[in-house]
Amino acid sequence: VAGENFDQSPLRRTFKSKVLAHYPQNIEWNPFDQDAVNMLCMPKGLSFRTQSDNRDPQLHSFIITREDGSRTYGFVLTFYEEVTSKQICTAMQTLYQMHYAEQYSSVCASSSCSMDSLASSIDEGDATSLAKLQRYNSYDISRDTLYVSKCICLITPLPFMQACKKFLIQLYKAVTSQQPPPLPLESYIHNILYEVPLPPPGRSLKFYGVYEPIICQRPGPSELPLSDYPLREVFELLGLENLVQVFTCVLLEMQILLYSQ
């Protein structure tokens, strides 16, 4: 388990993640930092869900800044896939049995009344709500399907966010589709790693993803640096007043710290 969140129910806890594979194994000018990539791909750790939870794919990005000031950009798509290991499903069931036993012990320790009198003291509405809450926040190996989080990540020297986002979404669709893509998945990964060149300054590049073409553009030498992040998201996350305040602080050359979970 990652972090001290044992008071949470097992499905609400986070677990230690690890890098399953990365390609290529190493690049001389950009060595793979396994610990940093692992932490930044899953900053909250590995998580589990059941069929009753929201499992929509999520996209986020990160930056690794090295001692010499060079930057590497990561673009991550997190999704959930079904757990096929019987051993893991059994372990989750055991965690829940232990969790319920601890809850039962704490209730008995804090109350001298019997379970019958405790149940009679809860009215029918509260009991129904409690049952719904327990059902939502529970796992039964005989009736529930267990899912675990997984990431696919692209690491690039420049922040081509929209292009990376589109490629990852297309790759994810290919992985989860009932109908296999025209070529093996390895072909698309090899193509973007070894065959798609970095566009020259001031030029656009069109390359083919899994299903649709993708376009990325690189600013010229006399233009502003590449900033492929949508401004709309900044307004949605910070709000207009906060954004004006941050912008004012930037103009006044003040130190700014953004803190978030």
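The values are calculated or read from the model by the stated rules, or taken from the named source; none is laboratory data. Note that the coordinates shown come from a computational prediction; the quantities given were computed from them, not determined experimentally. No Cβ is skipped: glycine too gets one built from the backbone with ideal geometry, and neighbour counts run over all protein chains shown. Surface areas here come from the heavy atoms of the whole protein model, side chains and all, with no ligands, DNA or RNA. Shrake-Rupley method; radii C 1.70, N 1.55, O 1.52, S 1.80 Å.
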Exercise for review: Looking for whichever is out of contact with any Pro (no Cβ under 7 Å at 6 or more places or on another chain), in a loop (DSSP other than H, G, I, E, B) and loosely packed, with under 10 Cβ neighbours inside 10 Å here; the options are Glu253, Glu186. Which one fits?
Suggested key: Glu253
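Based on what the data block shows, is Glu4 modelled with pLDDT of 85 or more and assigned to a loop (DSSP other than H, G, I, E, B)? Steps first, please.
On the way: modelled with pLDDT of 85 or more: no; assigned to a loop (DSSP other than H, G, I, E, B): yes.
It is false that Glu4 is modelled with pLDDT of 85 or more and assigned to a loop (DSSP other than H, G, I, E, B).
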Practice item. Could you please tell me which pairs satisfy a Cβ distance under 8 Å, a separation of 6+ or placement on different chains, a first residue in region 63-85 that is charged (D, E, K, R), and a second residue that is assigned to a strand (DSSP E or B) and open to solvent by 30 Å² or more (accessible area, probe 1.4 Å)? Key: Arg71/Ile63; Arg71/Thr65; Glu81/Tyr147; Glu81/Lys150; Glu82/Tyr147
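Here's the yes/no breakdown for (1) surrounded by 12 or more Cβ atoms within 10 Å (Cβ to Cβ); (2) among the hydrophobic types (A, V, I, L, M, F, W, C); (3) in contact with a Phe, Trp or Tyr (Cβ under 7 Å, 6 or more places away or on another chain):
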{"residue": "Leu40", "(1), (2), (3)": "yes, yes, yes"}
{"residue": "Leu46", "(1), (2), (3)": "yes, yes, yes"}
{"residue": "Asp56", "(1), (2), (3)": "no, no, no"}
{"residue": "Ile63", "(1), (2), (3)": "no, yes, yes"}
{"residue": "Asp68", "(1), (2), (3)": "no, no, no"}
{"residue": "Gly74", "(1), (2), (3)": "yes, no, yes"}
Revision key, fill the gap. The residue that is most open to solvent (accessible area, probe 1.4 Å), considering only those in region 193-249 that are in contact (Cβ under 8 Å) with a residue 40 or more places away in the chain and part of a strand (DSSP E or B), is Ile215
